[in-house]
Amino acid sequence: MRQLMKVNGVELCVETFGDPAGPPVLLVGVTMLSWPGELCEALAGRYVVRYDLRDTGQSTYADPDAPAYDLRDLVTDASELLKALGLGRTHIAGIGVGGFIAQLLALDHPDQVASLTLVSTRPVAPGPVDPDLPDHDPEVMGRLFGRPAPDWTDRSNVVDYMIGSARLLSGSAGFTEQDARATAEAVFDRAGRTGAAQRASHLGTTFAAIDCRPRWRERLGDITAPTLVIHGEEDPFFPLGNGVALAAEILGATLLTLPGIGPGVPRVTWPVVVAALLRHTS
């Protein structure tokens, strides 16, 4: 079921899967499509919730290039959404930059978090990384951002560009053109028609513009929720060392590495990832 819900002064587009009586799982990404629908449906027995962040998808759109909110506002959005849905302690899973929100939700609202899953993310915000963390792979980033930018208002242009991005980022075993095309088309069709709206929905560029301070890495040892870290071994955007650091600094965390995989959880990983999520949220 998909609906608009007003929380924290904005409207968030929210979709739910499964029986509301099941253990609740909140999936956080850039748009709700960061977590594929078929993957959500595979989490049998769970009440799965996914949503669009502000300035993405079909949630409140203002100006993703100059947002008048910060990272902590996005964390409050997630916390208030759980309350609006009438959910108690909820299993939280964050992917990519959605992992920033998930980490801070576990730190600042521990009473709402039953467990934490962090996928393809890192313990510091956008910008220069700490000396002990691997930064974006320079060769891949050069190829990724060395291409001409698409016309973000042209559907076919954007879809082709995003397929090319997926091919560069997905690792030796994670790329499927059919899935990359379907995802890019679906993201485009749900987002606003301005170039800024499309760019934010496809790339999460708002995170480069919002204030993410203060740092939270030094607080990771305070996380009490059982934590699962999932990371692709060939992730060039947030390389594996970032997931290793998260697992080392969160007490009792488990690290699941995905051979041949870049960012995210492509279809080929679902048998392993779904099984791990079901165990972790049981």
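The values are calculated or read from the model by the stated rules, or taken from the named source; none is laboratory data. These numbers come from a predicted model, not from an experiment. A quick note on method: Cβ atoms are made from the backbone with ideal geometry, for glycine too, and the neighbour counts reach across all protein chains shown. Quick note on the areas: whole protein, heavy atoms, side chains included, nothing else; ligands and nucleic acids left out. Shrake-Rupley method; radii C 1.70, N 1.55, O 1.52, S 1.80 Å.
Observations on the model:
- With the simple model of a label 7 Å out from the Cα in the direction of the Cβ, ASP135 to ARG267 spans 3.6 nm.
- Within the chain, helix-based [θ] at 222 nm, where runs of 4 or more DSSP H residues each add -39,500 (n - 2.57), nearest 500: -10500 deg cm²/dmol
- Rounded percent of accessible protein surface that carbon and sulfur make up, segment 1-150, 1.4 Å probe: 53 percent
- Measuring r between the beta carbons of GLN3 and ASP70 and using R0 = 25 Å, the FRET efficiency lands at 0.45.
- Between SER172 and ALA248, the distance separating the two model label sites (each 7 Å from Cα on the Cα→Cβ line) works out to 2.5 nm.
- Taken about its Cα centre, segment 1-147 carries a charge dipole of roughly 360 debye when the Cβ of each Lys and Arg holds +1 and the Cβ of each Asp and Glu holds -1.
- Taking amide H as placed 1.01 Å from N in the peptide plane, the amide H of LEU258 sits under 5 Å from that of HIS231, GLY232, GLU233, each at least 5 places away or on another chain.
- Solvent-accessible surface of the chain, taken per residue with a 1.4 Å probe and all protein chains present: 41 Å².
- Within the assembled protein chains, the solvent-accessible surface assigned to CYS212 is about 20 Å², based on a 1.4 Å probe.
- Column: log10 I(q)/I(0), Debye, Cα scatterers of the chain, q = 0.15 Å⁻¹: -1.17
- With the simple model of a label 7 Å out from the Cα in the direction of the Cβ, ASP154 to GLU233 spans 4.0 nm.
- Counted over the chain, the DSSP beta bridges are approximately 30% antiparallel.
- Shape category assigned to segment 83-160 from the gyration tensor of Cα positions, a/c cut at 1.5: oblate
- Using a Förster distance of 22 Å, the FRET efficiency for ALA62-ARG190 (Cβ separation, nearest 0.05): 0.80
- Electrostatic tally near ILE92: other residues with Cβ closer than 15 Å to its Cβ, Lys and Arg +1, Asp and Glu -1, net 0.
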